[in-house]
1. Got a sec? Charge dipole of the stretch 92-360, +1 on Cβ for Lys and Arg, -1 for Asp and Glu; which of L196, L352, V116 is way out at the positive end?
2. Across the stretch 344-361, in residue order, what do the Karplus-derived ³J(HN,Hα) couplings come to in whole Hz, using 6.51 cos²θ - 1.76 cosθ + 1.60 with θ = phi - 60° and x for Gly and Pro?
3. Please report the antiparallel percentage of the DSSP beta bridges confined to the chain, to the nearest 5.
4. Check which residues have an amide H placed less than 5 Å from G286's amide H, if you skip close sequence neighbours.
5. Which of D302, D249 comes first, and how do the rest follow, when ranked by fewest Cβ neighbours within 10 Å?
6. What is the spin-label model distance, in nm, from H183 to T31 if the labels are put 7 Å beyond Cα along the C-beta direction?
7. Could you work out how far helix 56-65 tilts from the main Cα principal axis of the chain, as a 0 to 90 degree angle to the nearest 10?
8. Sort L126, L16 so that the residue with the fewest other Cβ atoms within 10 Å of its own Cβ comes first and the one with the most comes last.
Amino acid sequence: MDFPEASTPLSDLPGLTPEDAAARLRISTKTLRNWESWGWIAPAERTQGGRRRYSEQALQIIEATGMAERGKRVRTMKKETEIGTKGSARSATVIAVVNHKGGSAKTTSVVNLAGVFAVEKKLRVLVVDLDSQANCTIGLGFSPYTLTAKRQLFISDVLLPGGSPQSGGGYTALHNIRDAILHTEIEGLDLVPSSLQLSDAEIPLINAMARETTLSRALAHLRNDYDLILIDCPPSLGIFTTNALWAADHVLVPVEAANYAVAGLTAIVNVVRAVRELGRDVNILGVFNTRVPGPLTNSARDALENTKRIFASTYIDIPIGNTVASERAVEEGNPMVVSSPKHKVSESYRQLAEEVLRRVG
Ligand SMILES: Nc1ncnc2c1ncn2[C@@H]1O[C@H](COP(=O)(O)OP(=O)(O)OP(=O)(O)O)[C@@H](O)[C@H]1O
Ligand SMILES: [Mg+2]
């Protein structure tokens, strides 16, 4: 079934009966009712005949958040912690910031969240710049040109396959990700930088063996060195973002506060579901609105209301305001939360960081 545009009113969607919806999520109808009353799932609509129907869209979002498996996961968590696998305190949590729509504040959000986590939460944070625009690298105070002149290794050097299996190179990268790490001026905050070179890596990576897992395999070397790894994705759902999703435990989706920006979110839900179906346990942790104008325009108000209604409890109700100070901070190469900690937008990013930590658990 095609995934309807996110802006389609729920009542226009082909709905599932409570029994069918519960069966699909492998939960009881009583649990489904509970989820609805707790605001975890977008509420059922009533058809003309008075039957309750859950929208296909609401179910697909629930599948992308992994909520149905969460109960099971809590039960197995203790065991996992004991044997030191995923869920262990020593293993970094990986969060990818994803939206194929350009200019949705992915980079701004990565840089500011990383700033809060490192400076205020004293966590060991690694930012991976996965965009050839290198905005994150610049936003954390580095010039890709200067770095190139200094023969710095970039994320492209880590992702490029080392050679074909026939040539004996196998599918591992030529360079270890550890050799590409830069320490930023912020204590506890490291960066794997990017440059325009990354665009040259796209085709070789598409042709590489186990191409979706390249970043995940690289980051596996570092999981014990950091508390959090944040990946700044490019504005596409191509091979780099797929790599980020494969490497990530969670996905954060910033959405510009404009109604046209909400419609495209369906594609992100679908790609996360696809990666989950391939066996990678990644989930959408939260969706939040950025560049929210004050006072609200009609388009921004609609965008906020629609994102909130569609994503139910996955929505993070912490709107990030619009400010010129944000752009200035990028130019200065410092997160706004560091250069203007008292600014309203910095305060919002602080609240967002708290909520992210709460949801990661
Ligand atoms: N809160 C904000 N207030 C004002 N401007 C902002 C805010 N957040 C981001 N911007 C500006 O919006 C533009 C896009 O932001 P950003 O680069 O973070 O988005 P992005 O999703 O990473 O973009 P891309 O898809 O191109 O990578 C930038 O010029 C940035 O400075
Ligand atoms: Mg960006």
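1. The one lying farthest along the dipole's positive direction is L352.
2. 4, 5, 5, 4, 5, 5, 5, 5, 4, 4, 4, 5, 4, 5, 5, 6, 5, x
3. Working: 7 of 33 bridges.
That works out to approximately 20 percent antiparallel.
4. Counting only residues 5 or more places away or on other chains, the set is V251, V253.
5. On the way: D302 16, D249 20.
Neighbour counts put them in this order, fewest first: D302, D249.
6. 4.8
7. Result, in degrees: 40.
8. Working: L126 24, L16 20.
Listing L126, L16 from fewest to most nearby Cβ atoms yields L16, L126.
The numbers here are math on the coordinates, done by the rules we state, and not lab data. Note that this is a predicted model, so its numbers are computed, not measured. As a convention, Cβ positions derive from the backbone with ideal geometry for all residues, glycine included, and neighbour counts pool all protein chains shown.
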